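As structure tokens, the structure follows; a few thoughts come after it.
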Amino acid sequence: MQYQFPTLRFYLTGLIILILIFFFTWFPRAQIDLIVASEPLIMDFEIKLDSLTETILFNLDTIPARVIISRDKEVWSGYKFIEELEDDKTEQIIVFKEKDLEWLVIYKVQNLLNEAEQELINDNQFSEIELGKQVFEFHPEKWEIEILKKDFSKRQWTIKIFLEEEVVKKYDLDKLKQEIRFKKKSFASQNLENLLSIKKVEINLWPWFWQQMPVFSNHINFSIKLLDS
């Protein structure tokens, strides 16, 4: 019996199948918007200003401060100026970096939220997907500052920060990606909507006609959005 080589059509068909497999394996992308409910977080902190330190002392709630001549304020860009921290007798004012205050306050807020998360773990109320809470977005420009104590002789001052931010549920997005990759769009949507605090799920796939989640988890992108934002 004489062996017959496969026809050109056979090779073309195989090539097309390989191209399609490659295309629908590598190219699909998913953008998933999780519309979540939030709750207010209201806190206040006492912060010390110290002109004798050069760095933020996170454990002592202290940030560096500078004593400058009041008329030189324009030179100190990036610093916070508060009229109540001005000494009329010496025409000096206490200034501090806005970023230093932000870093310290954010550090303290995140520490408190992490402690609450640890309590859930200790009480066996912990989910591998739902990890606790996080601030959706900090708004330092809305924080209120009250002067509690100022002592030019000791070069130390104390202020109080009042803040109100929105907190949302924190999710392990990497694990979520692993759970829904290569699943049907409807399955992924239903699973995500079953998570706490998620009110709506919007999944946009590319190509648009492809109703399967991407094979690779790094082709899935999550965005967290506030309800009615």
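Odds and ends about this structure:
- Criterion (among the small types (G, A, S) and loosely packed, with under 13 Cβ neighbours inside 10 Å) met by exactly one of S186, S217: S186
- Here K177 clears all of (1) in contact with a Ser or Thr (Cβ under 9 Å, 6 or more places away or on another chain); (2) not in a helix (DSSP H, G or I) except the condition numbered (2).
- Within region 135-189, the set of residues being among the hydroxyl-bearing types (S, T, Y) and more than 27 Å from L226 (Cα to Cα) comprises S153, T158.
- Index of the failed condition, E179 passing every other in (1) modelled with pLDDT of 90 or more; (2) among the acidic types (D, E); (3) farther than 30 Å from D87 by Cβ; (4) not assigned by TED's automatic domain parsing to the domain that holds D33: (4)
- If you go through region 177-222 and keep only what is under 19 Å from the mean Cα position of the chain (by Cα) and over 20 Å from S38 (Cα atoms), you end up with K177, N218, I220, N221.
- Of the residues making up region 174-229, those that are in contact (Cβ under 8 Å) with a residue 40 or more places away in the chain, charged (D, E, K, R) and in contact with a helix residue (DSSP H, G or I) (Cβ under 6 Å, 6 or more places away or on another chain) number 1.
The values are calculated or read from the model by the stated rules, or taken from the named source; none is laboratory data. All figures in this text were calculated on a predicted structure; none of them were measured in a lab. We place every Cβ from the backbone using ideal geometry, glycine too, and count neighbours over all the protein chains shown.
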